[in-house]
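Here's the structure, in structure tokens; my notes come after.
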Amino acid sequence: MRNLPMHLWRELIQHKDATALQFSEALPHDKTSPFKEATFAEWGRQIQRAAIGLLELGLEPGARVGLVAQCSREWFTLAVATWMAGGCVVPV
């Protein structure tokens, strides 16, 4: 393993049809809403789109990206996208 982003990307490719994420879009108190799933391939595409967006906004290698949010699949997706684009995540 050279670095974490490269390792994660290899895992995304190797397990593309497996379930990567299970999530609910319901409010926290709603226990009846079914969970949704995303495969590694679907999640990888989300990461790619976010990483490209960061690069188009001018993110340069080593730049810090502050993330202000609760832990969620969106936070994790953006954190991985930041790493893939060469940035450094700073949780705020």
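The values are calculated or read from the model by the stated rules, or taken from the named source; none is laboratory data. No experiment lies behind these values; they were computed from the predicted model shown. Using ideal geometry, Cβ is built from the backbone for each residue, glycine included, and neighbour counts are taken over all protein chains shown. The area values use the complete protein model at the heavy-atom level, side chains included, leaving out ligands, DNA and RNA. Shrake-Rupley method; radii C 1.70, N 1.55, O 1.52, S 1.80 Å.
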Item to check | Peptides ranked, highest mean first, by Cβ atoms within 10 Å: ranges 73-84, 4-15 | outcome: 73-84, 4-15
Checklist entry - Label point 7 Å out from Val90 along Cα-to-Cβ: which residues of the stretch 36-78 have amide N under 14 Å? => result 60, 62-68
Checklist outcome for this item: Asserting the computed 222 nm helical MRE of the chain (DSSP H runs at least 4 long, -39500 (n - 2.57) per run, divided by residue count, to nearest 500) equals -14000 deg cm²/dmol
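So if I place +1 on the C-beta of Lys and Arg and -1 on the C-beta of Asp and Glu, and nothing else carries charge, what would the dipole magnitude of the chain be about its Cα centre? I want it in debye, nearest 20. Don't jump to the answer; show the numbers that get you there.
Details: 9 positive and 9 negative charges, 37 e Å.
That gives a dipole near 180 debye.
Please report, as a whole percent, how much of the solvent-accessible surface of the chain comes from carbon and sulfur atoms (probe radius 1.4 Å). Write down the numbers at each step before the final one.
Details: 3790 of 6570 Å².
Answer for the chain: carbon and sulfur cover 58 percent of the accessible area.
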Checklist outcome for this item: Rounded to the nearest 10 degrees, the helix 4-14 long axis (Cα) sits at an angle to the longest Cα principal axis of the chain of 50 degrees
Checklist entry - Could the peptides 66-72, 42-48, 17-23 be put in order, highest first, of the mean number of other beta-carbon atoms found within 10 Å of their residues? => result 42-48, 17-23, 66-72
Checklist entry - Expressed as an acute angle from 0 to 90° and rounded to the nearest 10, what is the orientation of the C-alpha long axis of helix 40-56 relative to the principal long axis of the chain? => result 40 degrees
Next on the checklist: Skipping prolines and chain starts, which residues have an amide H placed within reach, meaning under 5 Å, of the one on Val65, given they are 5 or more residues away or on another chain?
Outcome noted: Cys88, Val89, Val90
Checklist entry - What's the angle, to the nearest 10 degrees (0 to 90), between helix 73-84's Cα axis and the longest principal axis of the chain? => result 20 degrees
